[in-house]
Amino acid sequence: MASGQLSREEALACVGCRHACHILLYADTEAQLFEEIPIRHIVLMQMRFDGLLGFPGGLVDPSEESLEEGLSRELWEELGFSLSVTVEDHVSSCHNPSSSSSYLITHFYARRMEEKEIREVEKAAASTATDHGHEVMGMVRVPLYTIKGGGGLPSFLSHSFIGNSRSQLEDALVRFGLVTPEELQTALTHAEQRRR
Ligand code: GTP
Ligand code: MN
Ligand code: MN
Ligand code: MN
Ligand code: MN
Ligand code: MN
């Protein structure tokens, strides 16, 4: 396993650790941008109250609920959508040694949905979700293409992200075949140039 990574079981055995669970929701789509550029996949992130991008989810206390129950609860609060997350959806767990207060372990999940369901999530997140306009400023879709001048994924990756959510995104895009490793590398190179 990569450094900082640990299994779900190892993570739960940690005494005094805090846990946060977040999820990547994605779907395939036939849609095209400007009737020309394939969108290929819908990938959801959120603009948080603090102006940073991140995934839906939040803090879970395993002494009160399972990681997956806690994540499902957070999704109800932040998305207004009932989604029963299971251990099958677990992707990775990671230490965050730099986090200030007590030790935080971030658990990452992913769920593939139908485009129709993703649209329902977006609709609920912008209307009935209790956290809408409070902890969550809105859901956003991640552009996966790179267009001239570094628009698309490179620009998106140039924004500021909470915690290690940017690397969670990059790993997941390749892991689930949403972009190729070469496409990600190209986007990262453009993103690096934009920051200079
Ligand atoms: P409250 O309800 O206000 O407690 O917030 P929350 O439970 O929704 O917690 P939040 O989603 O802010 O996540 C808790 C902590 O996990 C944050 O302070 C970040 O350090 C970290 N975090 C937040 N979003 C992400 C994410 O998408 N990925 C990762 N790896 N960490 C995140
Ligand atoms: Mn237009
Ligand atoms: Mn929350
Ligand atoms: Mn949250
Ligand atoms: Mn919370
Ligand atoms: Mn809250």
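Can you name the residue in the range 124-140 that is more than 25 Å from Ser155 (Cα to Cα) and away from ligand 5 (no atom under 16 Å from the Cβ) and, of all such residues, is most open to solvent (accessible area, probe 1.4 Å)?
It comes out as Thr128.
Could you pull out every one of the helices (runs of 4 or more DSSP H) wholly within the range 98-196 that has 2 or more residues that are in contact with a Leu (Cβ under 8 Å, 6 or more places away or on another chain) and under 21 Å from Val60 (Cβ atoms)?
Fully inside the range 98-196 and qualifying: 115-125, 165-175.
Can you spot a residue in the range 26-42 that is within 16 Å of ligand 3 (Cβ to nearest atom), open to solvent by less than 40 Å² (accessible area, probe 1.4 Å) and of a type in the set (A, V, I, L, M)?
no
Residues of the range 36-45 being part of a strand (DSSP E or B) and either in contact with a Gly (Cβ under 6 Å, 6 or more places away or on another chain) or under 17 Å from Glu170 (Cβ atoms) (or both), which ones?
Selection gives His41, Val43, Leu44, Met45.
Tell me which residues, restricted to the range 154-183, are within 19 Å of Thr29 (Cβ to Cβ) and open to solvent by less than 30 Å² (accessible area, probe 1.4 Å).
Listed by number, the residues that qualify are Phe156, Leu169, Ala172, Leu173, Leu178, Val179.
Of everything in the range 158-180, what is within 16 Å of ligand 4 (Cβ to nearest atom) and among the aliphatic types (A, V, I, L, M)? Give them in sequence order.
Ile162, Leu169
Inside the range 102-124, can you point out the residues that are in contact (Cβ under 8 Å) with a residue 60 or more places away in the chain and not charged (D, E, K, R)?
Those that are in contact (Cβ under 8 Å) with a residue 60 or more places away in the chain and not charged (D, E, K, R): Ser102, Tyr103, Leu104, Ile105, Thr106, His107, Phe108, Tyr109, Ala110, Met113, Ile118, Val121.
Scan the range 77-110 for residues that are within 14 Å of the chain's Cα centre (by Cα) and either of a type in the set (Ser, Thr, Tyr) or open to solvent by 60 Å² or more (accessible area, probe 1.4 Å) (or both) and jot them down.
The answer is Ser92, Ser93, Thr106, Tyr109.
The values are calculated or read from the model by the stated rules, or taken from the named source; none is laboratory data. Quantities reported herein were computed from a predicted structural model and do not represent experimental measurements. Positions of Cβ are backbone-derived with ideal geometry, glycine not excepted, and every protein chain shown enters the neighbour counts. Please note that ligands, DNA and RNA were not included when accessible areas were found on the heavy atoms of the full protein model with its side chains. Shrake-Rupley method; radii C 1.70, N 1.55, O 1.52, S 1.80 Å.
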